[in-house]
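Here is the structure we will look at.
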Amino acid sequence: MIGRRELLNNGLTSAAALWRPALLGSPESGDALNLDPGPQLFLDDYLIDRLHGLKREVRPPKRFGPPVLDSKTFGTTQPYLTVLRDERRGFRMFYNNGPSIWHADSEDGLEWTNPREVWFRKRGYCCSVVDDGVRCADPSRRFKLAHWSSTIDDKPGDDGGMWVGYSPDGFTWSQPDKKPVLWTYPEAWPQPTRHGVGDTLDVYFDPLTRLYRVAIKVNALTEDGYSTAPKAGKAIRRLIGMSTSKDFMHWEKPWRIHAPDARDKGMLEFYGMGGMHMRGGLHIGLVRVLRDDLPCDKDGPIDGIGYTALATSRDGVTWNRFREPFLDRNPEPGSWDHAMTWMSMAVPVGDEVYFYYGGYARGHKIEPKTERQIGLARMKRDRYVALVPTSSQGKMVTKPFILPGGSLTLNADASRGEVRVRLLGASGSPSKALGTPEAKPIAGDHLAAQVRWQASLQKLRGKAVRLEFTVRNAELYGFEFGL
């Protein structure tokens with residue numbers, strides 16, 4: 001397992017829209033990438049060897065419209081939540097109503113009913129749930145919940161930190177130990193550390209390493225050299241850390257994964273990273289960005305704004321974030337999500353992904369009991385980031401990889417142009433192994449357009465190859481191999 005390390009994030013390594021040197025020579029199969037099952041996306045440079053005349057652009061999801069949960073009917077007070085899909089119950093949402101954990105139901109993920117308290121807490125923040133389903137050996141612990149809580153706060157004996165609970169059904173919860181599994185003050189109160197747990201956390205299960213991971217708010221220290229943000233209090237700035245566990249009870253010392261750097265403007269902060277999930281070996285997270293030093297409207301009070309940005313990782317240890325918003329705040333003055341849009345969940349639904357987020361109307365600390373609603377934004381499957389031409393046409397060549405299957409599909413919008421795919425050998429030369437290097441061009445808007453050569457790709461299964469994509473007046477999001 002890769003050793004843990006403390007680091008500051010240096011931002012997403014961008015594949016520049018320039019032709020870069022190829023990996024020359026004839027690499028053996030052992031030098032080629034072994035692709036994980038699932039879609040291969042272009043949010044990072046993992047697959048990309050050369051780009052010419054293409055750039056990477058974030059594609060924001062589209063807002064559903066009104067809140068799906070409002071404070072008046074559902075009592076929403078925080079943007080933190082979990083949405084799960086259950087074969088019998090449909091959609092299930094766990095969210096915060098004050099310090100307590102509440103639950104709501106939905107048949108379609110759009111209209112929600114039946115709000116009720118499922119776990120009373122006198123003090124707490126956040127609500128992050130994992131459903132272990134069939135992989136859970138103990139049915140009484142199928143549902144696992146993490147949240148920040150304390151029984152004694154900000155004085156000697158402070159037991160604040162990440163607490164966990166277990167449930168067989170999501171309604172009846174038990175707490176196995178009367179102490180946190182990660183502490184706010186792991187050494188001693190009130191000594192802040194780089195690995196003390198703040199009051200925002202999000203958990204998920206990593207199927208590749210079979211580890212539970214949690215992204216948590218951690219604090220900057222004086223020696224980090226940041227100026228103090230307006231509403232950070234003793235914390236100076238809020239950053240993001242991560243920890244892992246094999247059993248959800250015993251967690252390793254957190255390490256930093258996101259912190260402001262020299263490329264960031266103003267007093268940038270983070271309120272955790274939600275909605276973490278995996279697509280083809282790529283970890284994707286939704287970073288909640290905070291600017292408490294900015295007003296919601298020009299010349300208005302400086303009450304803070306927030307938005308959500310993308311982050312990615314290939315190992316779950318080192319994360320890179322995009323600078324531009326993935327879901328920006330609503331530009332319409334007076335809208336319920338005009339000040340802040342903080343995502344907490346990404347849920348695949350058919351050919352779409354549903355993103356659930358907390359919207360704030362006027363600012364970070366304004367009217368938490370009445371102006372914090374839960375909203376929905378939707379996106380076609382896996383269309384987080386597109387490779388698009390800088391003019392009319394561009395090319396991308398992959399690194400060599402071991403061909404894992406006998407069919408290839410593209411996720412692309414070529415409704416105004418086309419995408420051409422050419423088969424290359426591992427050294428980068430055109431390959432005639434399937435008759436001609438060029439496949440039939442792809443036109444139209446498709447999530448899974450079949451790429452066809454004269455012969456089946458099955459012939460080359462297990463061999464090291466490359467692919468060359470020519471994108472003309474189109475957008476390319478990713479590709480996927482079938483058996």
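For V181, state whether it is buried (at least 19 other Cβ atoms within 10 Å of the Cβ) and farther than 19 Å from D154 by Cβ. Even if it seems obvious, please write down each step before you answer.
Values: buried (at least 19 other Cβ atoms within 10 Å of the Cβ): yes; farther than 19 Å from D154 by Cβ: yes.
Spelling it out, V181 is indeed buried (at least 19 other Cβ atoms within 10 Å of the Cβ) and farther than 19 Å from D154 by Cβ.
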- prompt: Of all residues in region 252-270, how many are touching a residue at least 60 places away in the same chain (Cβ under 8 Å), crowded, with 23+ Cβ neighbours inside 10 Å and assigned to a strand (DSSP E or B)?
  reply: 2
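If a residue has to be aromatic (F, W, Y) and crowded, with 21+ Cβ neighbours inside 10 Å to count, how many in region 103-124 make the cut?
We begin by selecting, within region 103-124, every residue aromatic (F, W, Y); these are 112, 119-120.
Okay, now just the ones that are also crowded, with 21+ Cβ neighbours inside 10 Å, so 112, 119.
Result for region 103-124: 2.
Name the single residue that is farthest from G350 (Cα to Cα) among those in region 64-91 being surrounded by 20 or more Cβ atoms within 10 Å (Cβ to Cβ) and not hydrophobic (A, V, I, L, M, F, W, C).
Here is the first cut: in region 64-91, the ones surrounded by 20 or more Cβ atoms within 10 Å (Cβ to Cβ) are 67-69, 74, 76-83, 91.
The next check asks that each one be not hydrophobic (A, V, I, L, M, F, W, C); those that pass are 67, 76-80, 82.
On the way: P67: 22, T76: 27, T77: 30, Q78: 28, P79: 25, Y80: 24, T82: 19 Å.
In this case the residue turns out to be T77.
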- request: Identify, by number, the condition in (1) surrounded by 21 or more Cβ atoms within 10 Å (Cβ to Cβ); (2) more than 24 Å from the chain's Cα centre (by Cα); (3) closer than 11 Å to L476 by Cα that K395 doesn't meet.
  value: (1)
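Would you please name the residue that is farthest from V419 (Cα to Cα), looking only at residues in region 389-403 that are in a strand (DSSP E or B) and among the aliphatic types (A, V, I, L, M)?
Applying the filter and picking the extreme gives I402.
Report yes if K246 is without any contact (Cβ under 8 Å) to a residue 40 or more places away in the chain, on the phi < 0 side of the Ramachandran plot and surrounded by fewer than 22 Cβ atoms within 10 Å (Cβ to Cβ), otherwise no. Explain how you work it out, then say what you get.
On the way: without any contact (Cβ under 8 Å) to a residue 40 or more places away in the chain: yes; on the phi < 0 side of the Ramachandran plot: yes; surrounded by fewer than 22 Cβ atoms within 10 Å (Cβ to Cβ): yes.
Yes: the conditions hold for K246.
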query: Just one of S335, S313 is of a type outside the set (A, V, I, L, M, F, W, C) and closer than 17 Å to Y212 by Cα; which is it?
result: S313
query: Of all residues in region 198-243, which are surrounded by fewer than 14 Cβ atoms within 10 Å (Cβ to Cβ) and in a helix (DSSP H, G or I)?
result: T222, E223, G233, K234
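Touching a Ser or Thr at 6+ places or on another chain (Cβ under 6 Å), outside the structural domain of A412 (by TED's automatic domain parsing) and crowded, with 17+ Cβ neighbours inside 10 Å: is that true of L286 in this structure?
Details: touching a Ser or Thr at 6+ places or on another chain (Cβ under 6 Å): yes; outside the structural domain of A412 (by TED's automatic domain parsing): yes; crowded, with 17+ Cβ neighbours inside 10 Å: yes.
For L286, the condition - touching a Ser or Thr at 6+ places or on another chain (Cβ under 6 Å), outside the structural domain of A412 (by TED's automatic domain parsing) and crowded, with 17+ Cβ neighbours inside 10 Å - is met.
The values are calculated or read from the model by the stated rules, or taken from the named source; none is laboratory data. Treat the numbers as computed from the prediction; the structure is a model and nothing was measured. Every residue, glycine as well, gets a Cβ built from its backbone with ideal geometry; the counts of neighbours run over all protein chains shown.
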